[in-house]
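Enquirer: A single structure is presented below for examination.
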Amino acid sequence: MKYLVRLFAPFFAAAGLCAQHEAPDTFGHSRHGEAFDEGPRQAAYLMDGISDQVHMPVAGLSKEAQAFFDQGLCQLHGFWYFESERSFRQVAKLQPECAMAYWGMAMANVESPERAAGFVANAVRRSAGVPRYEQLWVDALASYYQIDEAATKELRSGDPERVKAAVAALVGKAKERTGKEKEKLDKQLLKDFGTVVYEFPEDTEAKALLAVQIWLAYEWGGGIPITSHTAIDSLLSQVFAAAPRHPAHHYRVHLWDQEDAKRALQSAAALGDSAPGIAHQWHMAGHIYAKLNRHAEASWQQAASGRVDHAHMQRDGVMPFLIHNYGHNQEWLSRSLSLQGRVDEAIATAKNLVELPRHPKWNRLEERGDIANYGRLRLATICEDHDLWQTAFDLQRDGYLEPGEDVDGEVVRLGLLGRAAFRLGRFDTAERLVTEVQALLPRARLARAQAIDKAEDEALAAGKDRKKTDEALDEARRRSTDDVRAVRDLLAELDAERQLANGQAKEAAAAFAKIDRFPETLLADAYLAAGDAKAAINALEAEVKKRPNRMPTLGRLVLAYRAANDPDNAGKLREREAELATMHGASGPLARRLGMPAPRAVTVADFAPDFGTRPELSTLGPADWSPMPAVGFDLPVAGGGRRTLAGQRGKPTLVVFYLGFGCLHCIEQLQALGPKAGAFAAAGIDILAIGSDTAAKAAESLAALSPEERFPFPLLADPQLAAFKAWRCYDDFEEMPLHGTFLVDAAGKVRWQDISYEPFTQLDWLLTESRRLLALPAPGGAGAK
């Protein structure tokens, strides 16, 4: 670090910077403070598929700015927070002194109170003299983020240092508030939103925002109970009376999702069309149909949501791991398809999740709830539900069931493969896998000890008292002990699988029955193998009653009735076979054992009349994510010559955008990348770096290095920032370049990217991920159609 600072000090000075004070740290960072670093940096545009029934008039806005404001509010109604913030930023770009633009940014950061506090501070700075309607909205958030008169005075002082200090204090306060404080603030916010409704009784947006805030205060806030869901529903009915296609149908779905799903059916039918360009509007209706065990309708909604997301990703060059709710939607789609027996579509959707680009922060195989983790889990459950034992080994061979560092993920993977090996009679493989599971036990115990130590260290560092520290330790112990128990349970399962494979089905069934939360479908397999059809029927009937309309359970129940061959059960058998016959898309080994007809496409015509009309899925977007073509460039090289992206055709290339030799962190990135160039080359990957300096200036900077210190890859010059802008490595709001790192495959498709206010420096991780991505087929194969 010190060597780099000394070496490039002349260039920092030429740029008007002082290397000793590390001013180059500001390259890529927003000039408006940290709150603006994390959010969208590219300009908004007026999107298709945004509701025309959302309108909140803001005094003094131009027609264009008002359109962006209303778009941001519509996106807010759809919980599309990132794009909502982008739209509100566009309003601020067009009219920088608009207080309500910053109010909107704060509203779009409901999940990030520290950032929201910074945006509210900016709203308060600009709110003096705004109309009563706008003042009520700003004051509501100002009160929520504890901006009192003294803080307001500082924010409006006009002194940059005082303003900065005031914002920092408010952000810190938002970060430190306790649960009880939040509950009190939530209650006051509901009163303040209610005041807007009272003073402006015809305002539909005020009613919609009050309704969702009541739900948020219960679901995400301080746990304030909802004493009457019907009262909130009545408030929403007033919104729909004035605006029948308002996206607040989303709020009615959330309201009844956990309470009484059938009361949201009308809004579920209207929700997608209320804002068809917002994926989450399609997704949330799927919650209602799934709750009502209408899995075909649920999968239609989830497929629609995925397609809208895919269209957005391709249109705007966005990585899947940056899309709110995308992984959850796609894993649920795969699950819904599996529950209908649509095995090929379910597997394809889950495989696509595994194929997708990963990120060390946003998409990790080991992190529960991340896309890659979802994909591995879904593949395992689909294989087990549908007897896809050979498919399990095919998936492992093709890289879809890769080993991970997480114990719970390894339990899933090794459990599937071990079970598959025993069921296929591959005993040597099975015993090897049992040995791998045994090796997980000490890992799980060590992880438990580390988790407890970490929880204690974090609690003490946060200044928690003994009671709170003990609670943190108990939670860490509980979660990590779950992993230890999962390993023990898996060893018991595989021991029972060994018995089953050796013809000891009765003993295996008894062992399975003792295992906590063991799947009833697999238990029924053992009962049937033991000749105990009655026990299988009893287990499966209870499961079908609890979770109806699921092909893996219903299909095994039919097989159990057939095996029992009891005339007294003939009526029940016909009833269950009739239910099974409605699953038109079923395929796979279980479907073949049942003698089901060849699968056909499932369409809206198969659904109940209350589902309503829907567009053709193909009009919403592609079925799967696929990488977009990289934008071409033709740029001079420091030291002479030119390089084009077209010239890299047939050769995977790592393209790094750096902010010139005046950026210390950029130079650190290039210095770290230099020694890795050989490893990337061994993986068949070239490296090109594109900087904001002129070719002459870059060459001059290189000449200051000894031959051993020079970078083993070409530095391209883009002083006009044309390539930076084309590759979206540019902040349109503040008109400044950003850091970017891209993996372009041999076909010229962008397989991975990171665009940020900081350079990407986890190069060993990136090399591993690049190898993985290039070994897999490019995503975009057949999925749910």
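Enquirer: Largest first, what is the accessible-area ranking of 271, 473 with a 1.4 Å probe?
Expert: 473, 271
Enquirer: In debye to the nearest 20, how big a dipole does the chain give about its Cα centre with +1 on each Lys and Arg Cβ and -1 on each Asp and Glu Cβ? Walk me through the intermediate numbers first.
Expert: Working: 93 positive and 107 negative charges, 207 e Å.
Dipole of the chain, to the nearest 20 debye: 1000 debye.
Enquirer: Please list, in chain and number order, the residues 5+ apart from residue 356 or on another chain whose amide H is under 5 Å from its amide H, with Hs placed from the backbone.
Expert: Close amide H contacts, sequence-distant or interchain: none at all.
Enquirer: Give, rounded to the nearest 20 debye, the magnitude of the charge dipole that the range 269-387 has about its Cα centre when Lys and Arg contribute +1 at Cβ and Asp and Glu contribute -1 at Cβ. It would help to have the intermediate numbers written out before the result.
Expert: Working: 13 positive and 14 negative charges, 42 e Å.
That gives the range 269-387 a dipole magnitude of about 200 debye.
Enquirer: Which of the peptides 667-677, 644-654 is most tightly packed, and how do the rest follow, judged by the mean count of other Cβ atoms within 10 Å per residue?
Expert: Numbers: 667-677: 17.4, 644-654: 15.7.
In decreasing order of mean packing, 667-677, 644-654 become 667-677, 644-654.
Enquirer: Also, I was wondering about something else. Solvent-accessible area of residue 631, probe 1.4 Å, all protein chains present, reported in Å² to the nearest ten, please.
Expert: Approximately 70 Å² of residue 631 is accessible to the 1.4 Å probe.
Enquirer: Then there's this: Computed from the coordinates I sent, Cα Rg over 2.2 N^0.38 Å equals one of (1) 1.05; (2) 1.32; (3) 0.97. Tell me the label.
Expert: Matching entry in (1) 1.05; (2) 1.32; (3) 0.97: (1).
Enquirer: Need one number: % antiparallel among DSSP beta bridges in the range 658-783, to the nearest 5.
Expert: Values: 8 of 12 bridges.
Antiparallel: roughly 65 percent of the beta bridges in the range 658-783.
Enquirer: Over the range 499-623, with every protein chain in place, what whole percent of the accessible area is carbon and sulfur at 1.4 Å, could you tell me? Write down the numbers at each step before the final one.
Expert: Details: 3340 of 6580 Å².
Taking all protein chains in place, the range 499-623 shows 51 percent carbon and sulfur surface.
Enquirer: Between the helical axis of 343-355 and the dominant principal axis of the chain, each derived from Cα atoms, what acute angle in degrees is found, rounded to the nearest 10?
Expert: 30
Enquirer: Taking the Cα centre of the range 413-459 as origin, work out the dipole magnitude from +1 charges on Lys and Arg Cβ and -1 charges on Asp and Glu Cβ, in debye rounded to 20. List each step's numbers first, then the result.
Expert: Values: 9 positive and 7 negative charges, 80 e Å.
Charge dipole of the range 413-459: 380 debye, to the nearest 20.
Enquirer: Something else about it: In the chain, if the dipole is taken from +1 on Lys/Arg beta carbons and -1 on Asp/Glu beta carbons about the Cα centre, which of 588, 639, 188 is farthest to the positive end?
Expert: Of the options given, the answer is 588.
Enquirer: To continue, here is another question. Under the rule a/c < 1.5 gives rounded, and otherwise a/b versus b/c splits prolate from oblate, where does the range 104-190 land using the Cα gyration tensor? Mind dumping the intermediate values first?
Expert: Details: a/c = 1.74, a/b = 1.19, b/c = 1.46.
The shape class here is oblate.
Enquirer: Specify the angular offset, from 0 to 90 degrees and rounded to the nearest 10, of the alpha carbon long axis of helix 279-291 from the longest principal axis of the alpha carbons in the chain.
Expert: Value to nearest ten degrees: 30.
Enquirer: Which of the peptides 234-246, 410-422 is most tightly packed, and how do the rest follow, judged by the mean count of other Cβ atoms within 10 Å per residue? Intermediate results must be reported in sequence, preceding the final value.
Expert: Working: 234-246: 16.6, 410-422: 23.8.
By packing density, highest mean first, the sequence is 410-422, 234-246.
Enquirer: Right, something else. Quick one: what are the phi-derived ³J(HN,Hα) couplings along the range 108-116, Karplus 6.51/-1.76/1.60 with θ = phi - 60°, whole Hz, x for glycine and proline?
Expert: After applying 6.51 cos²θ - 1.76 cosθ + 1.60, I find 6, 10, 4, 8, 9, x, 5, 5, 4 Hz.
Enquirer: Okay, moving on. I'd like the Karplus ³J(HN,Hα) series for the range 186-196: coefficients 6.51, -1.76, 1.60, θ = phi - 60°, whole numbers in Hz, and an x wherever there's a Gly or Pro.
Expert: 4, 4, 5, 4, 4, 5, 5, 5, x, 5, 4
Enquirer: Once amide H atoms are built 1.01 Å from N in the peptide plane, which residues 5 or more positions from residue 776, or in another chain, come under 5 Å H to H?
Expert: Answer set, sorted by chain and number: none.
Enquirer: Cα centroids of the range 484-527 and the range 720-765: how far apart, whole angstrom?
Expert: Distance between centres, Cα-based: 50 Å.
Enquirer: Quick check on the range 517-657: take the gyration tensor over C-alpha atoms, sort the square-rooted eigenvalues as a ≥ b ≥ c, and tell me if it's rounded (a/c under 1.5), prolate or oblate. Please report the intermediate quantities before stating the final value.
Expert: Values: a/c = 4.31, a/b = 2.55, b/c = 1.69.
Here the range 517-657 falls in the prolate category.
Enquirer: Taking amide H atoms as placed 1.01 Å from N in the peptide plane, list the residues 5 or more away in sequence, or in a different chain, whose amide H sits under 5 Å from that of residue 643.
Expert: 635, 637
Enquirer: Sticking with this structure for a sec: Rank-order 120-132, 342-354 by packing density, defined as the average count of other C-beta atoms within 10 Å over each peptide's residues, highest first.
Expert: Details: 120-132: 20.1, 342-354: 25.9.
Answer by packing, highest mean first, reads 342-354, 120-132.
Enquirer: Calculate how many DSSP beta bridges within the chain are antiparallel, expressed in % of all such bridges and rounded to the nearest 5. Working shown, then result.
Expert: Details: 19 of 28 bridges.
Roughly 70 percent of the DSSP beta bridges within the chain come out antiparallel.
Enquirer: Here is a follow-up. Given a 1.4 angstrom probe, what's the average accessible area per residue across the chain, in square angstrom?
Expert: That works out to 43 Å² per residue.
Enquirer: Given points 7 Å out from each Cα along the Cα-Cβ axis, report the residue 672 to residue 477 separation in nanometres with one decimal.
Expert: Once both label points are built, they end up 3.9 nm from each other.
Enquirer: Another one. Projecting each Cα onto the charge dipole of the range 534-659 (Lys/Arg +1, Asp/Glu -1 at the beta carbon, about the Cα centre), which of 559, 656, 536 comes out farthest on the positive side?
Expert: 656
Enquirer: Work out the charge dipole of the range 210-342 with +1 on the Cβ of Lys and Arg and -1 on the Cβ of Asp and Glu about the Cα centre, then indicate which of 330, 213, 241 is farthest towards its positive end.
Expert: 330
Enquirer: Ok, one more. Which entries of 182/467; 291/514; 351/749; 184/468; 93/164; 175/454 show an alpha-carbon separation above 24 angstrom in the structure shown?
Expert: Numbers: 182/467 20 Å; 291/514 29 Å; 351/749 19 Å; 184/468 21 Å; 93/164 20 Å; 175/454 21 Å.
Among 182/467; 291/514; 351/749; 184/468; 93/164; 175/454, the Cα-Cα distance tops 24 Å for 291/514.
Enquirer: Still on this structure: Accessible area of residue 453, 1.4 Å probe, to the nearest 10 Å²?
Expert: That residue has around 90 Å² of solvent-accessible surface.
Enquirer: Mind running the shape call on the range 246-298? Use the C-alpha gyration tensor, a ≥ b ≥ c as the square roots of the eigenvalues: rounded below 1.5 for a/c, prolate if a/b tops b/c, oblate otherwise. The partial results should precede the final answer.
Expert: Details: a/c = 2.10, a/b = 1.34, b/c = 1.57.
Note, shape of the range 246-298 comes out oblate.
Enquirer: How tilted is helix 160-176 with respect to the longest principal axis of the chain? Cα atoms for both, answer in degrees (0 to 90, nearest 10).
Expert: Rounded to the nearest ten degrees, it is 20.
The values are calculated or read from the model by the stated rules, or taken from the named source; none is laboratory data. All values reported here derive from a predicted model rather than from experimental measurement. Quick reminder, even Gly has a Cβ in these numbers, built from the backbone with ideal geometry, and neighbours come from all protein chains shown. Ligands, DNA and RNA are stripped out before the accessible areas are found, and what is left, the full protein with its side chains, is counted by its heavy atoms. Shrake-Rupley method; radii C 1.70, N 1.55, O 1.52, S 1.80 Å.
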